[in-house]
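Notes to accompany the following structure.
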Amino acid sequence: MQHYLCNVHATRGYVQNLGSMTRILLRRILITSFMVIAVPAGNAADPIEQLVAEGERRIADNQNAQEEIDRISDRTTSLISEYRTVTKIVDDLRIYNDVLEKQIADQIAEIAVIKQSIERVSLMERQIVPLMVRMIDSLEEFINLDVPFLLEERHGRVTALRQLMLRSDASAAEKLRRIVEAYQIEIQYGRTIEAYQGTIWTNGKPREVDFLRIGRIMLLYRTVGGEELGVWSGATEDWKTLPAREIKGEFAKGLRIARKQMAPELLMLPVPAPEAFRP
């Protein structure tokens, strides 16, 4: 009985082993059949190598595709960066153009103002030229009626102004400046003391003298030898002799003050009485 059971167990084990071997064999047959079906007939002798080669080819294709994707991605990134850069440049240029347009508009307005100013200047120049001519005439008349000191210099200044008025290369502003400067010089004469040498005509003869001008109040002279002193008289419009002994010292002191050889101080000189007003 025990022997029978042992055989039964042995037979069961054999059957089980057989079943396992059968399943393995069937699996191999199915795999082989699949390989035979999947692999072309000409390469049926080495299906595994064909499968490996096919897998490698697909891997290579995938790698190539991935590389192409990477290249496209890099190119896309580069284009996006370039686009952003160009966009920023365009925005900056738009802002710059806006500023330039405002500047141009401001310059156009300024040009219009300058044109109006030029037109006004032309009008003013046409009006100011007669005024300057009248100013020169008045200056010359004033010198003729004034105390006769430095006549050659003062009349020469008037002559130069008249010549300046005829020059086309001198602007109206320059001409007016020179005329005003001449007036200022004449004004300064009334506030200064001056000594200079010159010539006077007495008794029909020229004489070399030292002049002493005290503002426009007095114009005195002393002959070179010092023997004669005189003063200009506006009433007679001629020279009037003075007693040299009385004012000789004061005259000499005035000369030294005018020549800055001594400090200013009081001078005792005979001032002519003011003339009566004549309308």
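With +1 assigned to the C-beta of every Lys and Arg and -1 to the C-beta of every Asp and Glu, and no other charges, what is the dipole magnitude of the range 186-238 about the Cα centre in debye, to the nearest 20?
Working: 6 positive and 8 negative charges, 22 e Å.
Dipole of the range 186-238, to the nearest 20 debye: 100 debye.
Could you give the radius of gyration (one decimal) and Dmax (whole number) of the Cα atoms in the range 142-250, in Å?
So, for the range 142-250, Rg and Dmax equal 17.0, 57 Å respectively.
Straight distance only, please: which aspartates and glutamates reach the Cα of LYS88 with their own Cα at less than 18 Å, same-chain residues fewer than 8 apart left out?
ASP98
Show LYS175, LYS248, LYS102 ordered by accessible area, largest first, where the area counts protein heavy atoms only and the probe is 1.4 Å.
Output order, biggest surface exposure first: LYS102, LYS248, LYS175.
Can you order the peptides 189-199, 47-57, 61-71 by their average number of other Cβ atoms within 10 Å per residue, highest first?
Ranked by mean Cβ neighbours within 10 Å, highest first: 189-199, 47-57, 61-71.
Could you sort 109-116, 180-187 so that the peptide with the highest average Cβ count within 10 Å comes first and the rest follow in order?
180-187, 109-116
Using only Cα atoms, locate the centre of the range 138-181 and the centre of the range 54-95, then give the distance between them in Å, rounded to an integer.
The distance from the Cα centre of the range 138-181 to that of the range 54-95 comes to 86 Å.
By the gyration tensor of its Cα atoms, with a ≥ b ≥ c the square roots of the eigenvalues, what is the shape of the range 156-207: rounded for a/c under 1.5, prolate for a/b over b/c, or oblate?
Oblate, because a/c is 1.5 or more while a/b does not exceed b/c.
The values are calculated or read from the model by the stated rules, or taken from the named source; none is laboratory data. Nothing here was measured: the structure is a model prediction, and the numbers come from that model. All Cβ positions, even for glycine, are placed from backbone atoms using ideal geometry, and neighbour counts span all protein chains on display. Areas reflect the complete protein model, heavy atoms only, side chains present, ligands, DNA and RNA absent. Shrake-Rupley method; radii C 1.70, N 1.55, O 1.52, S 1.80 Å.
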